[in-house]
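Undergrad: Supplied in structure tokens, the structure appears directly below.
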Amino acid sequence: MGQYLTATDQNFKAEVIDSGKVVLVDFWAAWCGPCQMLGPVIEELAGDYDGKAVIAKVNVDENPNTAAQYGIRSIPTMLIFKNGEVVDQMVGAMPKNMIAEKIDAQLA
């Protein structure tokens, strides 16, 4: 089982922007019901993409600067980064296969 990365205001640039990999970032909060539903999916994706892409989670309450920088207004919001740029965005809890398709498109 792969482990997702816990991204923070402090490590976001190093771990996401400068990673050189495709990175899926899940912006979430503990009080958000749909975020809780998405949690196990994110963990599964971390396992599926271990070594291929980085799967990260950002708690918006603990890391307001990063959330504000990317204009996160509703959660869960997932952004896909490639070469440090946002290349895709998904809002709301989505099925795993739809998220995987978007990651695969960036890996292709």
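The values are calculated or read from the model by the stated rules, or taken from the named source; none is laboratory data. All of these numbers come straight from a predicted model, not from anything done at the bench. Note that we place each Cβ from the backbone using ideal geometry, even for glycine, and neighbour counts take in every protein chain shown. Areas reflect the complete protein model, heavy atoms only, side chains present, ligands, DNA and RNA absent. Shrake-Rupley method; radii C 1.70, N 1.55, O 1.52, S 1.80 Å.
Undergrad: Which pairs do you get when a residue that is in contact (Cβ under 8 Å) with a residue 40 or more places away in the chain, found in segment 7-31, comes within reach of a residue that is small (Gly, Ala, Ser) and assigned to a loop (DSSP other than H, G, I, E, B), reach meaning Cβ atoms under 7 angstrom, with the pair 6+ apart or on two chains?
TA: Cβ pairs passing all conditions: Glu15/Ala7; Val16/Ala7; Ile17/Gly84; Asp18/Gly84; Val22/Ala53; Val23/Ala53; Leu24/Ala53; Val25/Ala7.
Undergrad: Mind checking whether some residue in segment 80-94 is open to solvent by 40 Å² or more (accessible area, probe 1.4 Å), of a type in the set (Gly, Ala, Ser) and in contact with a helix residue (DSSP H, G or I) (Cβ under 6 Å, 6 or more places away or on another chain)?
TA: Quick first cut of segment 80-94, residues open to solvent by 40 Å² or more (accessible area, probe 1.4 Å) only: 82-83, 85-87, 89, 91, 93.
Okay, now just the ones that are also of a type in the set (Gly, Ala, Ser), so 93.
Within this subset, residues satisfying the condition of being in contact with a helix residue (DSSP H, G or I) (Cβ under 6 Å, 6 or more places away or on another chain) are 93.
Among the residues of segment 80-94, at least one is open to solvent by 40 Å² or more (accessible area, probe 1.4 Å), of a type in the set (Gly, Ala, Ser) and in contact with a helix residue (DSSP H, G or I) (Cβ under 6 Å, 6 or more places away or on another chain), which makes the answer yes.
Undergrad: Confirm whether Asp50 is more than 17 Å from Tyr4 (Cβ to Cβ), among the acidic types (Asp, Glu) and either open to solvent by 70 Å² or more (accessible area, probe 1.4 Å) or part of a strand (DSSP E or B) (or both).
TA: Details: more than 17 Å from Tyr4 (Cβ to Cβ): no; among the acidic types (Asp, Glu): yes; either open to solvent by 70 Å² or more (accessible area, probe 1.4 Å) or part of a strand (DSSP E or B) (or both): yes.
Against the criterion (more than 17 Å from Tyr4 (Cβ to Cβ), among the acidic types (Asp, Glu) and either open to solvent by 70 Å² or more (accessible area, probe 1.4 Å) or part of a strand (DSSP E or B) (or both)), Asp50 does not qualify.
Undergrad: Can you name the condition, by its number, that Gly20 falls short on among (1) within 20 Å of Asn97 (Cα to Cα); (2) in a loop (DSSP other than H, G, I, E, B)?
TA: In the conditions (1) within 20 Å of Asn97 (Cα to Cα); (2) in a loop (DSSP other than H, G, I, E, B), Gly20 misses (1) alone.
Undergrad: Looking only at segment 18-37, which residues are open to solvent by 10 Å² or more (accessible area, probe 1.4 Å) and either under 14 Å from Ala67 (Cα atoms) or basic (Lys, Arg) (or both)?
TA: Lys21, Trp28
Undergrad: Between a residue in segment 80-108 that is part of a loop (DSSP other than H, G, I, E, B) and any residue that is open to solvent by 60 Å² or more (accessible area, probe 1.4 Å) and aliphatic (A, V, I, L, M), which pairs come within a Cβ distance under 8 Å, given they are 6 or more apart or on different chains?
TA: Pairs found: Ala93/Met37.
Undergrad: Go through the residues of segment 59-79 one by one and say whether even a single one is within 13 Å of the chain's Cα centre (by Cα), open to solvent by 70 Å² or more (accessible area, probe 1.4 Å) and touching a residue at least 12 places away in the same chain (Cβ under 8 Å).
TA: Going residue by residue through segment 59-79, those that are within 13 Å of the chain's Cα centre (by Cα) are 59-60, 66-67, 70, 72, 75-79.
Add one more test, that the residue is open to solvent by 70 Å² or more (accessible area, probe 1.4 Å), and what stays is none.
Within segment 59-79 (the criterion being within 13 Å of the chain's Cα centre (by Cα), open to solvent by 70 Å² or more (accessible area, probe 1.4 Å) and touching a residue at least 12 places away in the same chain (Cβ under 8 Å)), the answer is no, since none of the residues qualifies.
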